[in-house]
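Here's the structure, in structure tokens; my notes come after.
The values are calculated or read from the model by the stated rules, or taken from the named source; none is laboratory data. Everything numeric in this text was worked out from a predicted model, so none of it was measured. When we count neighbours, we look across all protein chains shown, and the Cβ atoms used for this are built from the backbone with ideal geometry, even at glycine.
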């Protein structure tokens, strides 16, 4: 009889004997699939959202007001920075103060700011779905500012007061009509406290009037307050930072303050790989122990097979094939249990606002290659674990096998 056919028949008839090994393999594979599914998706999301996110790819160029030798951040600067290698976008920022008060709002002082496309404020309410880029004369206010609720202003045209320079150190208030088209979370203060967002042309016009220059003079001589330069990848940031500083500009990067981040992300990835190795060793030891016990229990069967003319190779093939069938079954069950575990774990973790952004909407599966590797490794360690006891059993002579029984 064919050893493979006998192996399949043995597994079918003696399935109760193989339950322990099957369960061990299934649990090991399931835990591995679940853990790697979550960690792999979290690792990928962390790299996309953090390491390759806007903050970690950005270089900030500041205008040093207290230094007379500092270069103005002019439109020429924007062109220069845009032409540097590995730059994907250049986002100039200008700010200028304005005031508003009415019967409900006793008075607030806000700062009109040019929005950065790469880092827009978190909107709470808007007059239209696609708010940015803003149209001329539109403004986005914080929901609350300096103790005043600005929610009633949404959708209305209001008159704010800007400043126009009249002489050195002197200015006069100028009423300007703007339309409030959105409200954002006031906790968002990455552009400074009490920031409001208006289109660039409006902000430059107000800033030029306050400085007592024309809009053209403002963008060429006074310049923007800050420029954010986005690199193509996080890896390009150090070189880009060096190029900008070499050109004579004061530049810093958030990546310098987060130097430990790549190591932390690598640690997460390594932890997943270590888990895979540990579970592989568990499956290997389990296969050795369980297969060795089964071989000893079946000594009489081995003796009968050897007496009927089955050679060492045929007996060895049969035992290894049996274990291979069990390994494949355990791996398949483990994959199914792992998918269910990953879905359940992801559903539970999505309840945390801190963890939810790092999990996909569906089941967080490992990459197809990783999943296939887990299943093949489960099968491989099972067969390898069975090889030594199966080889020892196959080498028994018929008389020794029957004696052991």
Over the stretch 158-179, the set of residues within 18 Å of residue 134 (Cα to Cα) and surrounded by 12 or more Cβ atoms within 10 Å (Cβ to Cβ) is 158, 160, 176, 178, 179
Take the residues in the stretch 302-319 that are at pLDDT 75 or above and buried (at least 22 other Cβ atoms within 10 Å of the Cβ); name whichever of them is nearest to residue 377 (Cα to Cα).
319
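In the stretch 127-138, how many residues are within 19 Å of residue 190 (Cβ to Cβ) and under 28 Å from the mean Cα position of the chain (by Cα)?
First, the residues of the stretch 127-138 that are within 19 Å of residue 190 (Cβ to Cβ): 131-134.
The next check asks that each one be under 28 Å from the mean Cα position of the chain (by Cα); those that pass are 131-133.
Residues that pass the stated criteria total 3.
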Has the stretch 272-281 got any residue that is at pLDDT below 80 and within 30 Å of residue 83 (Cα to Cα)?
no
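The rows are residues; the columns are (1) in contact (Cβ under 8 Å) with a residue 60 or more places away in the chain; (2) more than 28 Å from the chain's Cα centre (by Cα); (3) surrounded by fewer than 17 Cβ atoms within 10 Å (Cβ to Cβ); (4) assigned to a strand (DSSP E or B).
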position: 56; (1), (2), (3), (4): yes, no, no, no
position: 59; (1), (2), (3), (4): yes, no, no, yes
position: 64; (1), (2), (3), (4): yes, yes, yes, no
position: 90; (1), (2), (3), (4): yes, no, no, yes
position: 99; (1), (2), (3), (4): yes, yes, yes, yes
position: 103; (1), (2), (3), (4): no, yes, yes, no
position: 109; (1), (2), (3), (4): yes, yes, yes, yes
position: 121; (1), (2), (3), (4): yes, no, no, no
position: 125; (1), (2), (3), (4): no, no, yes, yes
Note on the stretch 180-193: residues surrounded by fewer than 20 Cβ atoms within 10 Å (Cβ to Cβ), in contact with a strand residue (DSSP E or B) (Cβ under 7 Å, 6 or more places away or on another chain) and more than 18 Å from residue 95 (Cα to Cα) are 185
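Taking the residues in the stretch 216-255 that are in contact (Cβ under 8 Å) with a residue 12 or more places away in the chain and farther than 19 Å from residue 91 by Cβ as candidates, determine which candidate is nearest to the chain's Cα centre (by Cα). First the steps, then the outcome.
To start, the set of residues in the stretch 216-255 that are in contact (Cβ under 8 Å) with a residue 12 or more places away in the chain comprises 218-234, 236-241, 243-244, 247-255.
Okay, now just the ones that are also farther than 19 Å from residue 91 by Cβ, so 221, 238-239, 248.
Working: 221: 41, 238: 22, 239: 24, 248: 35 Å.
The selected residue is 238.
At least 3 residues that are touching a helix residue (DSSP H, G or I) at 6+ places or on another chain (Cβ under 9 Å) in each: list the strands (runs of 3 or more DSSP E) lying fully within the stretch 143-211 that qualify. It would help to see each step written out before you state the result.
Details: elements: 157-167, 170-184, 195-198.
Once the strands (runs of 3 or more DSSP E) in the stretch 143-211 are filtered for at least 3 residues that are touching a helix residue (DSSP H, G or I) at 6+ places or on another chain (Cβ under 9 Å), what remains is 157-167, 170-184.
Inspect the stretch 24-43 for any residue being out of contact with any helix residue (DSSP H, G or I) (no Cβ under 8 Å at 6 or more places or on another chain), under 17 Å from residue 328 (Cα atoms) and at pLDDT 75 or above and give the result as yes or no. Full working, then the answer.
Let us first name the residues in the stretch 24-43 that are out of contact with any helix residue (DSSP H, G or I) (no Cβ under 8 Å at 6 or more places or on another chain), namely none.
So far as the stretch 24-43 goes, no, none of its residues is out of contact with any helix residue (DSSP H, G or I) (no Cβ under 8 Å at 6 or more places or on another chain), under 17 Å from residue 328 (Cα atoms) and at pLDDT 75 or above.
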